[in-house]
Amino acid sequence: MDHARLAIIGGGIAGLTLANFLEQAQLDYQLYEAAVDYTPKGLGIWLGINAMQVMRRLGLAEAIYERATHLEALRLMDQKGGLLRQLDLSQFKTLEEQVVCLSRQDLQALLLKGIPTKRLKTGKALQEIDFATQSLTLTFTDGHRSTCDLLIGADGLKSRVRQLLFPTYRLRPNAARCFRGIACLRLPESFRRAGNEVWAGGDLFGFCHIQPEEVFWWSIKQQPKAEIRTLQDIQDAMAHFPEIVEQIIAATDVRSRLHAAELPRLPFLKRHAERRICLLGDAANAMRPNLGQGGSMAIESAYYLANCLMQTPDSESAFIQYEKQYRSKLHWVKQQSAWVGRLSALSHPVIVGLRNLGLRLTPANVAAWQLASIYRLKSV
Ligand SMILES: Cc1cc2nc3c(=O)[nH]c(=O)nc-3n(C[C@H](O)[C@H](O)[C@H](O)COP(=O)(O)OP(=O)(O)OC[C@H]3O[C@@H](n4cnc5c(N)ncnc54)[C@H](O)[C@@H]3O)c2cc1C
């Protein structure tokens, strides 16, 4: 049975970011990933300025900028394509990084490069944790067993580690469905350098370039009347959106570039760490996609946790310190994205009219203040 001081379960964005920091600090760790075919996957991903500041500390910022589209503005539109709000991102230049959108595959591949093969065990899906032993004993579905002093659960939305640690916590079912795709087209000039989102009848559709000829799009359908399986089903479900949405869906290559997922309700988790185990990324703090901060907060929290572990690598007090100092920001960002999610899901025409009026009249510096608070890293 092998032993590591630190074991990380899950090689997604959170686990990989943490592993890169631990590697650079020369700490003893082992990363276990469930996938047997562990090749970089996914469509597009947004990285906010907060995530790019972390990537700068890992030495990966320039490589990401080379592969990404820099976003100059965030644009929110109504059902007819009319502008509800526009936020100029150049106002955050004092934070020295930019908001980008890139292929999730490229990001994962860059993070993977920083991890020696001996640190990574693939095809290892965690099944059980024995808390009774002096070291934690981990059992995987293939029968493999190993021990560790401290465990980090970075195993995503349906985290097994969270299930074992907090068995009463449940994701709540929700009728809403989330779709993502990559379309091969060049957007009209006005959309090209922006992160664009359209709100219509309680549903949303967002899109931005990841490459000059590739557009990453994401969409939430609140109450699909029928099961959505094909691109044509999505086209029909989004028929109430402006014409640009129809063009993007039509340009999507369905064979390899479409992804559908449930969007469960995500109650707050009161604790992130207990019994020598700490949850990270979506396992701890999955949030609605409305602020585009799920991946960025996973990266940011990996940075904070890595710093706590570097200060006290052998001790559970690193987890306590991490919770005490940083959980409040994660909760606040999750609250903000839930609030924006509720606003976007309003569907009664009168309420939507009032909401849209409110959005048009709200001073731009209110949204700018909110984003600046998200983008600023806490000091470590
Ligand atoms: C395949 C994939 C594609 C995605 N594509 C997009 C996208 O296109 N755009 C976007 O915005 N977001 C996407 N996401 C979600 C987004 O990347 C995450 O929300 C965010 O980055 C948080 O990352 P995470 O590392 O906490 O979780 P995740 O990225 O979900 O990673 C969790 C990892 O843990 C592994 N794992 C799960 N259970 C176990 C277990 N029992 N034992 C060991 N390992 C386990 C999973 O295989 C996965 O590699 C995707 C996630 C996945 C897994």
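Given R₀ = 51 Å, what would the calculated FRET efficiency be for Asn365 paired with Thr122, taking r from the Cβ atoms and rounding to 0.05?
Working: r = 47 Å, r/R0 = 0.93.
Using R0 = 51 Å, I get an efficiency of 0.60.
Across segment 183-242, counting alpha-carbon atoms alone, Rg and Dmax equal 12.4, 35 Å. Amide H contacts for Asp253 (H built 1.01 Å from N in the peptide plane; partners 5 or more residues away or on another chain; cut-off under 5 Å): Ile182, Cys184. Normalised Debye scattering of the chain at q = 0.09, 0.13 Å⁻¹ gives log10 I(q)/I(0) of -0.52, -1.08, counting only Cα atoms as equal scatterers and leaving out solvent. With 19 Å as the cut-off, how large is the P(r) tail for segment 112-224, expressed as percent of Cα-Cα pairs? Value for segment 112-224: 66 percent of Cα pairs lie more than 19 Å apart.
Expressed as a whole percent, how much of the Cα-Cα distance distribution for segment 16-81 exceeds 20 Å?
Values: 1087 of 2145 pairs.
Every Cα pair in segment 16-81 considered, those over 20 Å come to 51 percent.
Extent of segment 227-318 along its three principal axes (Cα atoms, max minus min coordinate, largest first): 55, 24, 23 Å.
Need one number: the % of Cα-Cα pairs in segment 276-380 sitting beyond the 19 Å mark. Every Cα pair in segment 276-380 considered, those over 19 Å come to 52 percent.
Candidate cross-link partners of Lys118 among the lysines, defined by an alpha-carbon separation under 28 Å and a same-chain spacing of 8 or more, comprise Lys41, Lys158.
Against the globular-protein guess of 2.2 N^0.38 Å, express the Cα radius of gyration of segment 76-166 as a ratio, rounded to two decimals. Provide the component values of the computation, followed by the final result.
On the way: Rg = 21.2 Å, N = 91, 2.2 N^0.38 = 12.2 Å.
That ratio works out to 1.74.
Annotation: amide H-H contacts under 5 Å for Gln127 (H modelled 1.01 Å from N, sequence separation of 5 or more, or interchain): Thr139, Phe140, Thr141.
Relative to the dominant Cα principal axis of the chain, helix 317-344 is inclined by about 20°.
Pairs of alpha-carbon atoms within less than 8 angstrom and 6+ residues apart define the contacts here; what relative contact order does segment 190-271 have, in percent? Walk me through the numbers on the way to the answer.
On the way: 66 pairs, mean separation 14.7, N = 82.
This gives 18 percent for segment 190-271.
The spread of Cα positions in segment 127-174, taken along each principal axis and listed from longest to shortest, comes to 38, 22, 15 Å.
Along segment 194-201 the Karplus relation, 6.51 cos²θ - 1.76 cosθ + 1.60 evaluated at θ = phi - 60°, assigns HN-Hα couplings of 10, x, 10, 9, 10, 10, 8, x Hz to successive residues, with x for each Gly and Pro.
Once backbone amide H atoms are built at 1.01 Å from N, Cys278 has Leu151, Ile152, Gly153 as its partners under 5 Å, excluding neighbours fewer than 5 places away on the same chain. The value given for segment 158-257 is a Kirkwood hydrodynamic radius of 15.0 Å, derived from the mean inverse Cα-Cα separation.
Working from label points 7 Å from Cα in the Cα-to-Cβ sense, the Asp88 to Ile351 distance is 3.5 nm. The base-10 log of I(q)/I(0) for segment 304-344, evaluated at q = 0.15, 0.18, 0.22, 0.35 Å⁻¹, reads -0.46, -0.55, -0.66, -1.05 [Debye formula, identical scatterers on Cα atoms, solvent excluded].
Against the chain, whose longest principal axis comes from its Cα atoms, helix 349-361 is set at around 80 degrees. Here the Karplus curve 6.51 cos²θ - 1.76 cosθ + 1.60, taken at θ = phi - 60°, turns the phi angles of segment 78-87 into couplings of 9, 3, 9, x, x, 6, 8, 7, 9, 10 Hz, with x standing for Gly and Pro.
What does the charge count near His209 come to, summing +1 for each Lys or Arg and -1 for each Asp or Glu among other residues with Cβ under 10 Å from its Cβ? Kindly include the intermediate steps, with their values, before the conclusion.
Values: positive: Arg186, Arg192, Arg193; negative: Glu213, Glu214.
Overall, the nearby charge balance is +1.
For segment 1-125, the spread of Cα positions along the three principal axes, ordered from largest to smallest, is 61, 32, 22 Å. Would you mind checking segment 245-274 for residues with the amide N under 17 Å from a putative spin-label position 7 Å along Cα→C-beta of Leu171? Counting only backbone N, you get 259-270. When the Cα positions of Ile351, Tyr375, Tyr303 are compared along the charge dipole of segment 295-377, Ile351 comes out farthest toward the positive end, with charges on each C-beta of Lys, Arg, Asp and Glu. Couplings 3J(HN,Hα) of segment 285-294, computed from phi: 8, 4, 10, 5, x, 5, 9, x, 10, x Hz, in residue order, whole Hz [Karplus 6.51 cos²θ - 1.76 cosθ + 1.60, θ = phi - 60°; x for Gly and Pro].
FYI, it's all coordinate maths here, none of it is from the lab. Everything quoted here is computed from the prediction, not taken from an experiment. We place every Cβ from the backbone using ideal geometry, glycine too, and count neighbours over all the protein chains shown.
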